[in-house]
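Peer 1: Have a look at the structure that comes next, please.
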Amino acid sequence: MDPAILHILGLVGLFVQAFCAWIFVAVLAALREPQRGRGEARSGAYGSFQQAFLALALALSVMSFRFWPGRGLSDQNPYWQQGQLAPTACYVLYMALKGWFGLCLVRGSYELRGGGSPAWLRTWHWPVIALMAATPLAVPYIDPLLIIQAPVMVACALLALRGHWPLRSRDSGARIVAAGLASLALIWTFHAGVELSSQAWPLRKPLISLNSFIDLGVQLALGIGLVVSLLQQAHRRALEAEQEEARLRRELEKDDKLRALGTVVSGVAHELNNPLTVILGYAELLQESCVDGTAAILTEQAERCRGIVRNLSALAGQSVHPLEEIDLEQLARRVVRGLSPELTSEGRGVWVDDMHGLHLYADRIGVEQVLANLLSNALDASPKGGVVTVRARAVDDGVELVVLDEGPGVPAGDRGRLFEPFFTTKAPGKGTGLGLSIAHAIVRAHGGSMRVEGGPAGRGSAFVTRLPLHGSQDPSGRPPAAPLPAAATQDGLVLVVDDDPAVRAILLAQAKLRGWRAIEASRAEEALAAPLAEIDAVLCDVRMPGIGGAGFYDRLVADSPQIAARVLFMTGDLASPQALAFAERCPRPLLQKPFDFDNVFERLAQIAAVQAR
Ligand code: ADP
C-alpha cells in the first residue's frame with residue numbers, strides 16, 4: 001500500500017483515538033459526579049480511571065499535534081524533524097502521560113476491588129513517570145519509543161488485571177474492563193513484535209499504521225466497560241433506594257397500625273380492667289365459701305382475660321408490671337408445665353437445659369409470656385416427635401435465652417417481618433400474627449432485643465432473646481422502689497376513690513375482710529371534701545370524670561402534702577397519653593388493675609405504717 005495512504009490512515013486513527021478519549025473523560029466525569037456527592041467508596045476507583053483517560057487523551061492529543069499534516073514524519077520543516085527540540089518535547093510529554101495512564105489503570109483496578117491503592121504503587125508512581133519522560137532524551141525517535149513503551153504498557157495492563165481479580169460475576173461492566181485490559185496487554189506485545197520484525201516483511205508497515213485503530217478498539221472496550229459499570233451501579237442504587245422507600249412505607253404503616261392499636265388498647269384496657277378487678281375480687285371472696293371449685297375456675301378464666309389485656313398493652317408498648325428477681329430455669333419449667341397439651345401432642349416435647357442458676361431482674365409475667373409465645377411457635381413448627389430446646393447463657397450485661405426447634409426454619413424473606421404485628425404465615429383462624437410482636441414489645445420494654453437465626457446444621461430455627469440483667473421497664477423511668485417497712489397496722493381507715501361503683505364495692509369488701517375501715521368517694525372532688533386528716537391511706541383511681549386522679553394529687557400537694565404522701569394510685573388504663581404523662585410525673589406508686597388484693601392492702605398498710613411514725 002502507498003506509504004502516504006498508510007501515513008494518513010495512522011493519523012486518522014490517532015485523531016479518532018484522541019477524540020474518543022476526550023469523550024470518555026467527559027462521560028466518566030458526568031457519571032462520577034453523583035457518586036462523589038454521596039461519598040461512595042468506589043468513587044475513588046472511577047476517579048483513577050477518569051485520570052487514566054485524561055492522561056491518555058492528553059498523550060494522544062500531543063501526538064496528534066506532533067504528527068499534524070505538515071509536521072509529519074516526512075516533513076521537511078527543520079524544526080519538526082526527528083531529533084529536533086519540538087518533536088522531542090512532544091515525545092517527553094507523551095511518554096510521561098502514557099506512564100501516568102498505565103499507573104492510573106493499575107490504581108483504579110485495585111481501588112475498584114475495594115483494597116485501596118497498594119503501597120508499592122505509590123512508591124513507584126513518580127519514578128516510573130520520570131523514567132518514561134527521560135527516555136526520549138536518549139532516544140528521540142517514535143519507533144524505538146513505542147518499543148520501549150510496550151513492556152511498560154503490558155506490565156501495567158497485567159497488574160491492573162490482577163487488581164481486578166476475582167471478577168464479580170454480576171458486574172458485566174467490570175468484565176468488559178477486564179477484557180479491555182487483557183487486550184491492552186496483548187496488543188502491546190503484538191505491537192512490539194511488529195516493530196521488532198524485519199523491515200523486509202511486507203505487512204510490517206500496514207500493521208504499524210493500523211495499530212492505532214486496534215488501540216482504539218481496546219480503548220473503547222475499557223471506556224465502555226467503565227461506563228457500563230457506573231451505569232450498573234446507578235441502577236443498583238436506584239433499586240436500593242426503591243427498596244428503602246418500600247421499607248420506610250411499611251414502617252410507617254406499621255407505626256400507624258400501632259398507633260391505632262394503642263388507641264383501641266387504651267379503651268379496651270380501661271373497659272375490661274375494671275370489671276376484671278371486680279370479678280377477680282369476688283372470685284377470691286367466693287373461694288372462702290365455695291368448695292366445688294367454681295370460684296377457682298372463675299379466677300382462672302378472669303386471669304386469662306387479664307393476660308389478654310396485658311398482651312395488648314404490651315404490644316402497644318404500654319404495660320407496667322413490677323420488676324422482680326427471676327430464676328430463669330424455674331420460670332422456663334413453669335412455662336413448659338403450663339403449655340397446652342395440644343402443642344405437645346404427637347410426641348413433640350420441650351427440653352429445658354441446665355441454666356446454671358441464672359437470675360435476672362425483670363417483669364416475670366412479661367418474660368413468661370415471651371417464652372410461652374416462643375415455645376408455642378416452636379412446637380407448632382416442629383415435626384412429629386420433634387424436640388424444642390430451651391437454653392440460657394450469661395452474656396456481657398444480661399442473659400441470652402434461646403429457643404431451638406427442629407421445624408422447617410424461617411425463610412430468609414420472612415425474617416425481616418417476623419416481629420411485625422399481624423404478620424403470619426399460618427392459615428386464617430390458626431395464627432393472629434401477634435405472638436412474636438407481643439414478645440418483641442415486652443423484650444424491647446426491658447431494653448432487650450430479639451433475633452432469629454438458623455438452627456445448628458441448617459435445621460430448624462433458633463429464636464434468641466437478649467435481656468439485660470436489670471430490666472429498664474418502668475414508664476416513669478424510676479428505679480425499682482426500695483422495699484417498704486413491714487406493715488404495722490391493718491386496721492386503719494382507707495379512703496377508696498373510684499368512679500366505678502362495682503370497683504368501690506369490691507375494694508370495700510376486701511378492705512373489710514382484712515380488718516380495715518373504709519370510706520368511699522366516686523370522684524376526686526368528693527374525696528377532697530372527706531375528713532382527710534383522719535385517713536391513714538388513700539386508694540385512688542387515675543381516670544375519673546372531673547379533675548380525676550391527677551387533679552386530686554395536685555390539690556393535695558398544694559394544700560396538704562402529708563395526705564398526698566398517703567396516696568396509692570390505681571389505673572385500668574396505662575395506654576392513654578394522659579395516664580402515661582401522669583405516671584411519669586407523679587412520684588406516688590401506681591398499680592395496674594386488675595391487681596392482686598393482698599398486694600394492694602399490704603402496700604396500703606405499709607403507707608399507713610410510715611405515716612404513723
Ligand atoms: P402467629 O404464630 O399467630 O402466626 P407469630 O407472631 O407468633 O404469629 O409468628 C409470626 C410468624 O412467624 C408465624 O406465622 C410463622 O410463619 C413464623 N414463625 C414463628 N416462629 C417460628 C418457628 N419457630 N419456625 C418457623 N416459623 C416461625
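The values are calculated or read from the model by the stated rules, or taken from the named source; none is laboratory data. Because the structure is predicted, anything quoted here is derived from the model rather than measured. No Cβ is skipped: glycine too gets one built from the backbone with ideal geometry, and neighbour counts run over all protein chains shown.
Peer 1: For the stretch 336-350, which positions are part of a helix (DSSP H, G or I) and either surrounded by 15 or more Cβ atoms within 10 Å (Cβ to Cβ) or touching a strand residue (DSSP E or B) at 6+ places or on another chain (Cβ under 9 Å) (or both)?
Peer 2: Matches in the stretch 336-350: V336 only.
Peer 1: Hand me the list of strands (runs of 3 or more DSSP E) wholly inside the stretch 351-469 holding 2 or more residues that are away from the ligand (no atom under 15 Å from the Cβ) and either touching a residue at least 40 places away in the same chain (Cβ under 8 Å) or surrounded by fewer than 16 Cβ atoms within 10 Å (Cβ to Cβ) (or both). Let's see the steps before the verdict.
Peer 2: On the way: elements: 359-362, 387-395, 398-404, 449-454, 461-468.
Passing ranges, in order: 359-362, 387-395, 398-404, 461-468.
Peer 1: Counting only residues that are in contact (Cβ under 8 Å) with a residue 24 or more places away in the chain and surrounded by 16 or more Cβ atoms within 10 Å (Cβ to Cβ), how many does the stretch 191-205 have?
Peer 2: The qualifying residues number 4.
Peer 1: Scan L56, L105 and give me the residue that is part of a helix (DSSP H, G or I), modelled with pLDDT of 90 or more and within 46 Å of the chain's Cα centre (by Cα).
Peer 2: The unique qualifying residue is L56.
Peer 1: Filter the stretch 519-534 down to the residues that are among the aliphatic types (A, V, I, L, M) and either crowded, with 20+ Cβ neighbours inside 10 Å or without any contact (Cβ under 8 Å) to a residue 12 or more places away in the chain (or both) and list them by number.
Peer 2: Matches in the stretch 519-534: A521, A524, A527, A529.
The rows are residues; the columns are (1) touching a Pro at 6+ places or on another chain (Cβ under 8 Å); (2) closer than 28 Å to G307 by Cα; (3) at pLDDT 90 or above; (4) not hydrophobic (A, V, I, L, M, F, W, C).
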{"site": "V452", "(1), (2), (3), (4)": "no, yes, yes, no"}
{"site": "D491", "(1), (2), (3), (4)": "no, no, no, yes"}
{"site": "E525", "(1), (2), (3), (4)": "no, no, yes, yes"}
{"site": "D536", "(1), (2), (3), (4)": "no, no, yes, yes"}
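Peer 1: Follow-up question, since we're still on this one. Across the stretch 221-236, which residue is farthest from I438 (Cα to Cα) among those that are free of Cβ contacts under 8 Å to residues at least 60 places away in the same chain and loosely packed, with under 15 Cβ neighbours inside 10 Å?
Peer 2: H235
Peer 1: Moving on. Can you pull out the residues in the stretch 256-307 that are among the basic types (K, R), surrounded by fewer than 20 Cβ atoms within 10 Å (Cβ to Cβ) and touching a residue at least 24 places away in the same chain (Cβ under 8 Å)?
Peer 2: Answer for the stretch 256-307, where residues must be among the basic types (K, R), surrounded by fewer than 20 Cβ atoms within 10 Å (Cβ to Cβ) and touching a residue at least 24 places away in the same chain (Cβ under 8 Å): just K257.
Peer 1: Inspect the stretch 543-555 for any residue being touching a strand residue (DSSP E or B) at 6+ places or on another chain (Cβ under 7 Å) and of a type in the set (S, T, Y) and give the result as yes or no.
Peer 2: Yes; the residues of the stretch 543-555 include at least one that is touching a strand residue (DSSP E or B) at 6+ places or on another chain (Cβ under 7 Å) and of a type in the set (S, T, Y).
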